[in-house]
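Structure first, then comments.
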Amino acid sequence: MNDSTLQAQIDAATAYQEFFVPALFQEWAPWVVAAANLQPGQRVLDVACGTGVLARVAAACVGAGGAVCGLDANPGMLAVAARLAPDIDWREGMAEALPYPDQTFDAVVSQFGLMFFGDRLQAVREMLRVLVPGGRLAVAVWDSLEHTPAYADEVALLARLAGEEAADALRAPFVLGDKQALKALFVTAGADSPSITSHTGTARFPSIRAMVEADLRGWLPVMGVNLDEQVIAHILAEAEQALGRYVTAAGEVVFASPAHIVRAAKA
Ligand SMILES: C[S@@+](CC[C@H](N)C(=O)[O-])C[C@H]1O[C@@H](n2cnc3c(N)ncnc32)[C@H](O)[C@@H]1O
């Protein structure tokens, strides 16, 4: 990777940390570490750690006597993660081929990455492989789009003004909402008695423009969709009406963002 590609990835990850983490991801980290029942002194792996919000909460749980590793495919995400928490062991790699020996970790956690893995079954098998017997696994995924009306409204807006490719890029995070299929994935991978709990989080953006611009300029390019400035301007203008019902008296955009947490153990 050349310097300008890496810098572009760092810039995108910096924007992700600034705009998406506080708005959508941060509140889930304590729920996921609770599902993994993390204890002081444990060794923990965060798979698809992004800029490391979950790994940082895990590190606080396991304390100085424990150890946390964060793995992600994107070096820009890892550069931002390392800046925020230099003491965590950040590693570039693929969830489908974890670069750790068998039985390295007491717990493996992951939030909002599984839906993007090319081979989800192999990734869950890998998570189980690196766990010690009896080790705990906790993985969060978003509920379906039909249970997340604000994003369903934004997807409809994109389909109308930018086409199905752009709409599909925004649908992608919500493809693992079916609980039965999700559970079956973990059973097939060999997880011991997986169970799923659902929580409703609260997404919070400073404005409609901030939310939609983060998606159009921050998320769609990650999914390979780059829109013309004219199309972006048109979407931002129409979003004020399409998403108006989620604006609070204080002018923020606030809406329910439900997700599932799969918890399982290694037999
Ligand atoms: C929506 S972000 C979630 C990041 C982080 N867990 C959080 O809560 O902020 C999804 C992450 O999955 C990573 N990712 C996608 N496919 C991957 C793969 N096959 N292996 C490792 N990481 C992957 C991306 O680079 C990205 O950082």
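The values are calculated or read from the model by the stated rules, or taken from the named source; none is laboratory data. None of the values given here were measured: they were computed from a predicted structure. Cβ sites come from the backbone with ideal geometry, for glycine too, and all protein chains shown count toward neighbours. Remember, those area values only see protein heavy atoms, side chains included, never the ligands or the DNA or RNA. Shrake-Rupley method; radii C 1.70, N 1.55, O 1.52, S 1.80 Å.
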Which of Phe25, Phe186, Phe116 fluctuates most in a GNM of the chain (C-alpha springs under 10 Å)? That residue is Phe116
Listed residues Arg129, Arg171, Arg160; largest mean-square fluctuation, Gaussian network over the chain with Cα springs below 10 Å, found at Arg160
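Divide by every residue of the chain the summed helix terms, -39500 (n - 2.57) for each DSSP H run of at least 4, and state the resulting mean residue ellipticity at 222 nm, rounded to the nearest 500 deg cm²/dmol. If you can, show how the numbers build up before the last one.
Working: 10 runs with 103 residues, N = 267.
-11500 deg cm²/dmol, from helical runs alone.
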If the label point sits 7 Å along Cα→Cβ of Gln7, residues of region 50-78 with amide N under 19 Å come out as 75-78
A student applying the Cα gyration tensor rule (rounded when a/c is under 1.5; otherwise prolate if a/b is larger than b/c, oblate if not) would label region 83-142 rounded
Rounded to the nearest 10 Å², the accessible area of Thr248 using a 1.4 Å probe with every protein chain kept is 50
GNM of the chain, Cα pairs under 10 angstrom: of Asp168, Asp106, Asp46, the biggest fluctuation goes to Asp168
Interchain or sequence-distant (5+) residues whose placed amide H lies within less than 5 Å of the amide H of Glu27 are none
Probe 1.4 Å, all chains present, heavy atoms only: Glu240 accessible area in Å², nearest 10, is 100
Among region 234-267, those whose backbone N falls under 19 Å of a label point 7 Å along Cα→Cβ from Ser198 are 255-264
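Region 113-200: percent of C-alpha pairs farther apart than 23 Å? Please report the intermediate quantities before stating the final value.
Working: 1281 of 3828 pairs.
The share of Cα pairs beyond 23 Å in region 113-200 comes to 33 percent.
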For region 114-267 the mean separation of alpha carbon contacts under 8 Å (6+ apart) over residue count, i.e. relative contact order in percent, is 40
With every protein chain kept in place and a 1.4 Å probe, the residues Met77, Met94, Met211 fall, from largest accessible area down, as Met94, Met77, Met211
The set of residues whose placed amide H lies less than 5 Å from the amide H of Arg91, leaving out same-chain residues fewer than 5 positions away, is Gly70, Leu71, Asp72
At the level of C-alpha centres, the distance separating region 190-229 and region 35-112, in angstrom, is 21
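Given an 8 Å cut-off on Cα distances and at least 6 residues of separation, report the relative contact order of the chain as a percent. Mind dumping the intermediate values first?
Numbers: 523 pairs, mean separation 54.0, N = 267.
Over the chain, the number comes to 20 percent.
Subtract the Cα-Cα distance of Asp168 and Val222 from 0.36 nm times their separation in residues, and report this length gain in nm to one decimal. Before the final figure, lay out each step's value.
Details: separation 54, 0.36 × 54 = 19.44 nm, distance 1.25 nm.
Gain in length upon complete extension: 18.2 nm.
When the dipole is taken about the Cα centre of region 193-267, and only Lys, Arg (+1) and Asp, Glu (-1) are charged at their Cβ, what size is it in debye, to the nearest 20? Intermediate results must be reported in sequence, preceding the final value.
Details: 6 positive and 7 negative charges, 115 e Å.
I would put it at about 560 debye.
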Two pseudo-spin positions, 7 Å from Cα along C-beta at Arg209 and at Gln230, lie apart in nanometres by 2.2
The correct pair for the chain, radius of gyration to one decimal and Dmax as a whole number, both in Å and from Cα atoms, is 18.4, 55
For region 132-145, in residue order, the Karplus 3J(HN,Hα) values (coefficients 6.51, -1.76, 1.60; θ = phi - 60°; whole Hz; Gly and Pro = x) are 6, x, x, x, 10, 10, 9, 10, 9, 9, 5, 5, 6, 4
Amide H contacts under 5 Å for Leu131, restricted to residues at least 5 apart in sequence or on another chain and with H modeled in the peptide plane, are Gln103, Thr104, Phe105
Of Trp219, Trp142, ordered by accessible area with the largest first and a 1.4 Å probe, the sequence is Trp219, Trp142
Per the rule of 0.36 nm per residue minus the C-alpha distance, extending Gln103 to Ala60 adds in nm 13.3 nm
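May I ask you to derive the relative contact order of region 123-188, considering only C-alpha pairs under 8 Å and at least 6 residues apart, and to give it as an integer percent? Don't skip to the answer; put the middle values down first.
Working: 41 pairs, mean separation 23.1, N = 66.
It comes to 35 percent, rounded to a whole number.
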Applied in sequence order to region 250-256, the curve 6.51 cos²θ - 1.76 cosθ + 1.60 (Karplus, θ = phi - 60°) yields integer Hz couplings, x standing for Gly and Pro, of 7, x, 7, 9, 10, 7, 6
Along region 176-183, Karplus-curve 3J(HN,Hα) (6.51, -1.76, 1.60; θ = phi - 60°) to the nearest Hz, with x for Gly and Pro, reads 10, x, 6, 5, 5, 5, 5, 5
